[in-house]
Each structure stands twice: as C-alpha cells, then as structure tokens.
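Read-outs: derived from the displayed coordinates by stated rules, not from any lab. Not measured: the values here are computed from a predicted model. Backbone-built Cβ (ideal geometry, glycine too); neighbour counts: all protein chains shown.
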Amino acid sequence: MTLFKKLFTLLLLVLSFASSAMDDPWKILDNSAKASHKLNYEGIFHSQTSSESNSTHIIHANIDKKEYCLLKMLDGAPSEVFSDGEMVYVKSQNRLIIKKRKNQFLFPSILPSDIDNLKANYHLLFGEKKRIADRMAQLIVLTAKDDFRFNYHIWIDEKNFLPLKLIVTNNKNQTIEQSSFTTIGFNKVFNKDIFQKNIDLSKLYENQNKNKFVENYVSNKFWNLKKLPSGFKEVDLISRRVNGLNILDYQLIFSDGLAYVSLFIRPIARGTEPKEGVVTIGSTNISARYQDGYQIMSVGMVPAETVSTFSGAIEF
Amino acid sequence: MNEKISSLFDSEINNKEVDTLLSKKNKMAGVRSSMSDYQIISDVMKKNTVLPKNNLTDKIMSAIDKEPTQMGGLTKVNSSNTATISFDMWPVLASLAVLVVIASTAFNIEVNSTSQSQLLAKEDIPQEIISAHHAATANNMNHFVQVGDSAQ
C-alpha cells in the first residue's frame, strides 16, 4: 500500500468518527451536563410549581477543579444555599442546616453525568430554537417511553450548552414544574471567599447535636426489592432517627437519571394505625403500604403508578 | 466502678474485689443504685425475673437523650470529643448492648402483620417525609430551603 493510500484511509477513518459524533443527538445532553458543572456563571432564574413560585440568584464557579455554588432566594424569607460540591449548607433565618447530597442537581445542574440510562427510557427530539434570557437556546424534548415517568423539555444554550430552561410535563402535556433563567452572564472570575462570606462553617460543630435531620449512611438491608420500573436504580440509602423516638427509619432513593423516587421504610409504634393508598400533593404522588410492622411510603414527582409500583416492590 | 459491678454479675470478679464492692455498696448510694440496675440486667439475661419497666426505662431514655448525635464525616478524628475504647470496657459494652435491647422493647415496636390498615389521606403524610424526599432529590431550591425551616 502506498503512502498516499494509507493517508487516505486514515482520513476516511477520522472523518467517519467525526461524523458519527456529530450525528449522535444525545451528545448535546452530555455536553450540557458537563457545562453545568464546569462553567462560571451568575444570573437569576424563576421556578414555578403547581403551588408556588420564586426567584433565585445564583453564582456558580469552578475554581481549581472544585465546584462552588451559592443560591440566594429573592422571594419570601431570606435564605441561602451554599455548596462546595460535597456538602450543602442551608442558611435560613440565622440557622445553619447541613445537608448531604450525593448528587448536586439543583437547577441548572439537572442532567446526569452518564446519559446512557436516559437513552433506554426516553425518546430524544430536537425542537425549535428560542431566545431565553437574551441567549439563543436549542429545545431538547425527552419523552418517556413508558408510563412510569414524566417528560422533560430542556432549552440548552446554543454556544456553551448550559441548560437555561426546564419544563416537566405529565402524560397529558400539563406542566408539573418549570425553571427558567431571566438573566445570566458568563465567564466572570470569582473568588472562593464570596461563597463562604455569609456562612460561618465553624458553627457546624455546635449545631450538629441539635440537628434533627442528622443522617447516617447505612449498609445493612433487611429487605428485598421485587421488580422495579425500568431504568430506576438505587442511588442512595439514608437512615435517620425518627423525631421523638429513638428508632431509625430508612430512605432509599431511586433514579432513572431525571426522575427521582424515595422509598421510606418506617417502623410503626404501638397505637399508630397503618395507612394504605395513593394521594397527590401538588406535583408529588405518595403511595403507602403496610407490611410486617413497617409503614412503607414511596414519594416522587412521577406518575401515581410509579410510586405504587415502588411501595409494592418491597418485601421482608 | 460500673465495670466491677458488671463483672460481679457476670461472675468475673475475685473474692477480694467482691468484699471491697459489697463494702462500698453499704456506704455509697450511687453504688447501691448501680448494683440494682445491673442485678436487673443480669436477671433479664438469665430470664429470672420480670423487668420493672418504668424505672429502668426512664433511666435508659435519659441516658440515650444525653448521648451526642454525631454526623458521619464531620466529627474530627482525634478531637477531644472522640471516644476511644479499650478491651477493659467490654463488660460495660456488653451491659450497654442489653440496655439497647431493653430500650427497643420499651418502645413496643409493633410487628403484628394482622393490623387493620386505614385508607391514606393527605393529613396522614408526615411533613418530614416530603421534606426528606425534596432534600435529597429536588432540583427546585425552594423545596430545599423548606427542609431547613421544618427542622426548627
């Protein structure tokens, strides 16, 4: 084979790879997930659910490969949320609450780092381009392949892939929840100090004994799970002490990458009547079932059928 | 002292120490009280007697309430608050394990699978469940802040 033929073959291979990467429509979600963690940005977004709406000021920065985020509520009582990528601190009315979250998916960080699971459970469609917060954005619609999850409409910044707007709709195309930037700016340089100036981390040790929401991550499981809805995987397991009682309950968290369901296993104290059934509060469905001394409840912004399947899946 | 009392009821103490312990029992009210508790624990383990629930349960509850609640990953290693356990503590730890068993019994956790269930209503859903779900999963910050408010 001549040198020319070798170079020509190599060129064809490179073009083939480049073409397949550009043709993969899911690539835009992968870029979008990375953008929400890597970019520096500051802006205001508006969130609305069936019961309330609020505006939030956000500053996000990636400093020395570590993610920092400060969110300040602009409506209602003054509150701030600060995250250093590992822990989340909620400051509200001079009180400091510590929360652990294994994944940071407060808007706009809504997409999972691994999008393969989304491919199995959602159809991806490209919608029209639209101006959001004075920036051009591409609409991506993820429609559920079954009845166990809702549909997600995401407007992604045309230049840097950051999600600028999210609308969650049910199977009747009714809006369940939405968040959208109204103003946003990029490429500012932030100092670490601005994220911590209002939160005195030295007070954490004083507060932790008073914190009723203290959580411990556990590994002992005395339950089994029967068949779960397609694509949902356990992403977290938390135990916490029940208020007023020195007993533990358990919260298992499942996700398909976009939708989340919590499955609670709570021992029932004497005199408490167990509950069974399904109710809807706002955009959240709750299913309850009783088995062998435990009240089982599944909670999620998912269809009622999904929470019922989860609460019915557990056995001892 | 508690370790020696525990050893006495576990038959792990020599004659000289028995004499010393019994002598102190007559002089010190605290030792008498501790011996009474350890006697009850010993009897429960050997199934010799019925537990006088109220008195001991109150003490167990009080002791548990005084225990600090620790959050995983935040407690500083080697800090003054960090407890170290030596092998000499095993008799005391064994007694503590019995206390935990008795405490769980005292709460009367119901395990009767034949209980009649009631139909779920909105009012039946504990707020902490909704808050805990949103705290771990919501992408709306407002839900997240409300968790802090409900912890007050």
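Some points to look at:
- Among the residues of A:266-275, the average count of other protein chain beta-carbon atoms within 10 Å of the residue beta-carbon is 5.
- Whole-number D in µm²/s for region A:22-205 (Stokes-Einstein; Kirkwood sum over Cα pairs; 25 °C, 0.890 mPa s): 141
- The residues neighbouring A:Ile247, those whose beta-carbon lies less than 11 Å from its own, together hold a net charge of +2 under the Lys/Arg +1, Asp/Glu -1 convention.
- 10 Å Cβ neighbours from other chains, averaged over peptide A:294-306: 3
- Which listed pairs, of A:Lys34/A:Lys165; A:Lys130/A:Lys159; A:Lys129/A:Lys159; A:Lys119/A:Lys145, have C-alpha distances above 18 Å, in listed order: none
- For A:69-79, mean number of other protein chain Cβ atoms within 10 Å: 2
- Residue-span extension gain [A:Glu158 to A:Asn62] - 0.36 nm each, minus C-alpha spacing: 32.5 nm
- Computed over region A:113-185, Kirkwood Rh from alpha-carbon pairs, angstrom: 12.9
- Neighbours of A:Gly312 by Cβ distance under 12 Å: Lys/Arg scored +1, Asp/Glu scored -1, total 0.
- Packing, as the average of other Cβ atoms within 10 Å across residues, places the peptides A:147-158, A:111-122 in the order A:147-158, A:111-122, highest first.
- Sites listed here are trypsin sites (Lys or Arg not before Pro) in region A:219-301 whose DSSP assignment is loop and whose Cβ has at most 10 other Cβ atoms within 10 Å: A:Lys226, A:Lys227, A:Arg270.
- Cβ-defined net charge surrounding A:Ser230, 15 Å radius [Lys, Arg +1; Asp, Glu -1]: 0
- Placed amide H near A:Gln291: partners under 5 Å, 5+ positions off or other chain: A:Ile296
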